[in-house]
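Colleague: This is the structure I have questions about; it appears just below.
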Amino acid sequence: MHFPLFIRAQRNCVLCARLLALCAISLSIAATVYAQAANPEAFGRQGQGRGPGRGRGDGAPTGPAPRNADGKPDIQGAWNPNAIQQNVDMVATGVKPPFQAWAEKAYNDHKSNISKDDPEARCLPPGVPRMSTTPYPFRIVQVPGLTLIVYEGGAHVWRQIFTDGRKHSDDPNPTWLGESTGSWDGDTFVIDTIGFNGKSWIDESGLPTTDKLHVTERIRRVDAGHLEIEHTVDDPGAYTAPWKFTTHPTQLKGELMEYICQENNRDLEHLVGASK
């Protein structure tokens with residue numbers, strides 16, 4: 001599999017020399033944490049969400065969600081997808097897609113062949129909704145009439161979500177990321193996307209899609225440092241009914257970096273499938 005998450009780690013390899021020392025420190029900390037586990041009150045104080053690093057254990061702030069001048073939650077900013085397990089194997093996380101017979105066979109074939117034909121491993125766009133789970137940060141930018149989502153990796157692409165009241169095209173040009181419109185439902189930003197090319201997988205294990213795919217994303221800013229994105233997959237070409245999964249992005253500490261998937265891609269030489 002091709003996870004630029006590892007490449008990001010390589011860029012910080014100057015820290016590797018400290019690893020052994022940190023392991024020793026971690027053992028000491030672990031003993032302290034184990035002792036604290038017997039004192040629920042101590043953890044209760046830490047879980048009240050009063051400032052960065054408190055409340056959820058992920059280091060993101062948990063204060064009130066900021067709002068724009070129009071009163072709507074401000075969902076802008078840089079975010080970590082925080083969904084690597086869903087990216088690798090959606091079914092293993094408890095999701096049960098209602099397969100059509102051909103789609104289930106395709107899925108099983110992809111898995112048995114060790115995901116040899118995963119488009120993302122070849123630096124092709126992950127597509128929607130997989131852009132939400134691919135392990136690279138993304139940035140949401142909102143201006144009047146338009147919301148942009150810029151992705152650090154997964155082919156280094158962007159999405160345009162039109163919020164000017166327009167309707168979908170009658171016959172949109174099939175693309176990897178589809179054609180998106182957006183609107184507010186109370187405090188939830190809703191993205192409606194059609195017009196896919198049917199070439200993307202929903203996860204690395206090989207959940208298939210067709211050009212009939214219709215994805216709805218409902219984005220809610222839970223607090224200052226957390227989003228919740230509910231994805232509804234409606235693809236009557238591959239599944240017998242719509243199905244859902246939810247991701248929980250966290251606020252990124254830092255900025256998006258340049259990442260070029262095609263540069264030094266070492267995956268292709270290893271994508272040979274299962275041995276016969």
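Every number in this text was worked out from the coordinates using simple rules, so none of it is lab data. Just so it is clear, the structure is predicted and the values come from calculations on it, not from any experiment.
Colleague: Work out how far the C-alpha atoms of segment 77-270 reach from end to end along every principal axis, then list the three figures in whole Å, largest first.
Modeller: 45, 38, 32
Colleague: If one computes the Cα centroid of segment 121-166 and of segment 170-203, what distance in Å separates the two points?
Modeller: When both Cα centres are located, 10 Å separates them.
Colleague: Okay, moving on. Suppose the chain between Ile84 and Glu104 were pulled fully straight at 0.36 nm per residue; how much longer would it get relative to their current alpha carbon spacing? Intermediate results must be reported in sequence, preceding the final value.
Modeller: Values: separation 20, 0.36 × 20 = 7.20 nm, distance 2.23 nm.
Result: 5.0 nm gained on full extension.
Colleague: Here is a follow-up. Take the alpha carbon atoms of segment 167-276, find their radius of gyration, then divide it by 2.2 N^0.38 Å using N residues; give the quotient.
Modeller: Computed over Cα atoms of segment 167-276, the ratio equals 1.31.
Colleague: Do the alpha carbons of any pairs in Lys72/Lys253; Lys105/Lys199; Lys111/Lys199 sit beyond 22 Å of each other, and which pairs?
Modeller: Exceeds cut-off: Lys72/Lys253.
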